[in-house]
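**Q** Would you mind keeping the following structure in view while I ask a few things?
The values are calculated or read from the model by the stated rules, or taken from the named source; none is laboratory data. Just so you know, these numbers come straight off a predicted model, no measurement behind them. Note that we place each Cβ from the backbone using ideal geometry, even for glycine, and neighbour counts take in every protein chain shown. Keep in mind that these areas ignore ligands, DNA and RNA; they rest on the heavy atoms of the full protein, side chains included. Shrake-Rupley method; radii C 1.70, N 1.55, O 1.52, S 1.80 Å.
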Amino acid sequence: MQYRTYKFKELDTPWYWTFPNADGSTGTYINKDTLVYASGGAVSNYSIDQDYMVANNSTLEIAQETKAVAGQIIVLIDDSGAYDLGVVTSVDNENLKILYKSMMALLDTDILNPTRDGLGETSDSEDEEPPEISAYLYDGVDGTARILAAYFATNGVDKYRRLPIFVRTSGGGIDKIRTERVTETITKSAVATSSTLTIRVDDLEPFDDIYVTGSNSIGYNKTMGWCSATISNCTVGATYTVIFRLIRNVTVGDNKPYASALWSYKDNTVNVREWLMDLFDKHNVVVQFSLVFETTERAYIEIYIQRNTAPGRLLKNNIHGLTVKHTEESGARATVCQVINQETKEWLSTWYLLDDNTVTQDATAENRIQPYMLTVAEFDTENDGGATQKEAAEEAMLYSDFNHYINISMDRTSAMFPKNLSIGDAVTIVPELQEMGLEDEINDEYEDKIYKSIYTGRKESSSSSEVTLIFGKIRINYTDIIQMQQAKKVRT
């Protein structure tokens, strides 16, 4: 195993890249730096702790002294290429060790709270700070990309904070209001008792158009909610079938972001990493990093942002060497939310969490979650993004689909080891499949034995072939919990 570190070097000629703004225009961003080789060497031992949610250190034991320094990008390389990636946090040449954290450590810095106008715009001045952003209701994918670009890749960024980044996204954008034609198909059969047969459908919701197969004579009473088809020249005793196709013009979309999120930070500054962890926790928005060496002169850090909604792969315990060591689930953090005016602190509404992970204003709802655990959400009544008090309550109360912890260990030498798992990948884990005798199928009867989860990290060491894969969004390790609690200091 080898390692290489890279440092930032200012380019003679900056290069520009673009990203679409929320209003359809294009924002232009700038990279004034590139990545250049700094040091490298052999690795004698390694211990990797790459947990997306917790900023733990990984450790490399190296064969000889290094010129690597804290802040450089480090890549762990095996025969197939880049094995791990991170940011150097400490170098100990006396004991021949390098400590590094995940690439998210690059963004472990405070920025001015982006609460003013200018989303996605760039500054033409070398002296100005990047523009601040006004978006109480914002796109957790594309909006996040624009914020990162504005604060790390514009002209006004301090040279010691700017990053050679290129941002791309998947799953962002606005769900615009549009009209779609929706078809409801109803098939009915009847036996003719005379030469003329009328087949009728009752209790219909209003529709805009109708097509009928098997008859050219159609009747429709919109007020009474019935539709009929008449067939002539029938043979008595014969069965006739009519297919009704009812067409409705339905308005869909709400002209809001696909990955809607509410900006609820109140302090003058915001820690970027903790904001991104909050997005992941509440909305499954994942930020991933890779290095791109485009030419001999130009290299950059690609930041890929997506909201993971795919069902993902199936992990079954009939894979050789796979054992589920621990599972733990966590309930809702709050069950009642009182929404207040952000400026006046006046009470506006009260919402209650239901057992299907939705909210209601009905305090008598039978499926309310207990016990009573109150949280308060501040609401911007003058927001121009269409945000509602209900969305403020949902942001405060709805619990993650992956509010659990699953710890799986398996041998990395197994042919079934999932080598290409990426942070945020959705998975379905069936820990008791063999015991149920269902090696090749999954029945609804055993649904409580199945975990739909999300991959959040791994722990491994060169001293063992066993790798621990981590799924879900809560943590049980005491040190990890303390780190996460400290990290929430900027959250509301």
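**Q** Would you check which residues across region 29-80 are surrounded by fewer than 20 Cβ atoms within 10 Å (Cβ to Cβ) and small (Gly, Ala, Ser) and list them?
**A** Once the filter is applied, which keeps residues that are surrounded by fewer than 20 Cβ atoms within 10 Å (Cβ to Cβ) and small (Gly, Ala, Ser), region 29-80 yields ALA38, GLY40, GLY41, ALA42, SER44, SER47, ALA63, ALA70, GLY71, SER80.
**Q** When you scan region 133-161, how many residues do you find that are within 12 Å of GLY27 (Cα to Cα) and surrounded by fewer than 22 Cβ atoms within 10 Å (Cβ to Cβ)?
**A** Of the residues in region 133-161, 0 are within 12 Å of GLY27 (Cα to Cα) and surrounded by fewer than 22 Cβ atoms within 10 Å (Cβ to Cβ).
**Q** Determine whether THR26 is in the same structural domain as ASP158 (by TED's automatic domain parsing) and crowded, with 20+ Cβ neighbours inside 10 Å.
**A** no
**Q** Go through (1) surrounded by fewer than 18 Cβ atoms within 10 Å (Cβ to Cβ); (2) at pLDDT below 85; (3) outside any loop (DSSP other than H, G, I, E, B) one by one and return the number of the condition ILE429 breaks.
**A** (1)
**Q** Would you mind telling me which numbered condition in (1) in contact with a Leu (Cβ under 7 Å, 6 or more places away or on another chain); (2) exposed (fewer than 15 other Cβ atoms within 10 Å of the Cβ) ILE369 fails?
**A** Only one criterion in (1) in contact with a Leu (Cβ under 7 Å, 6 or more places away or on another chain); (2) exposed (fewer than 15 other Cβ atoms within 10 Å of the Cβ) is unmet by ILE369, namely (2).
**Q** Anything in region 167-212 that is assigned to a strand (DSSP E or B) and under 30 Å from PHE19 (Cα atoms)? List them, or say none.
**A** Within region 167-212, VAL167, ARG168, THR169, SER170, ILE174, ASP175, ARG178, THR179, GLU180 meet the criteria.
**Q** So ILE77 fits all but one of (1) over 25 Å from ASN420 (Cα atoms); (2) in contact (Cβ under 8 Å) with a residue 60 or more places away in the chain; what number is the exception?
**A** Only one criterion in (1) over 25 Å from ASN420 (Cα atoms); (2) in contact (Cβ under 8 Å) with a residue 60 or more places away in the chain is unmet by ILE77, namely (1).
**Q** Of everything in region 3-19, what is open to solvent by less than 20 Å² (accessible area, probe 1.4 Å) and under 10 Å from ILE30 (Cβ atoms)? Give them in sequence order. Break it down stepwise before answering.
**A** The initial filter retains those residues of region 3-19 that are open to solvent by less than 20 Å² (accessible area, probe 1.4 Å), namely 3, 5, 17, 19.
Passing the criteria: only TRP17.
**Q** Of (1) in contact with a Lys or Arg (Cβ under 9 Å, 6 or more places away or on another chain); (2) outside the structural domain of ASP110 (by TED's automatic domain parsing); (3) open to solvent by 20 Å² or more (accessible area, probe 1.4 Å), SER228 satisfies all except one. Which?
**A** Result: SER228 fails condition (3) only.
**Q** Restricting attention to region 156-166, which residues are over 15 Å from THR34 (Cα atoms) and either part of a strand (DSSP E or B) or of a type outside the set (Gly, Ala, Ser) (or both)?
**A** Result: VAL157, ASP158.
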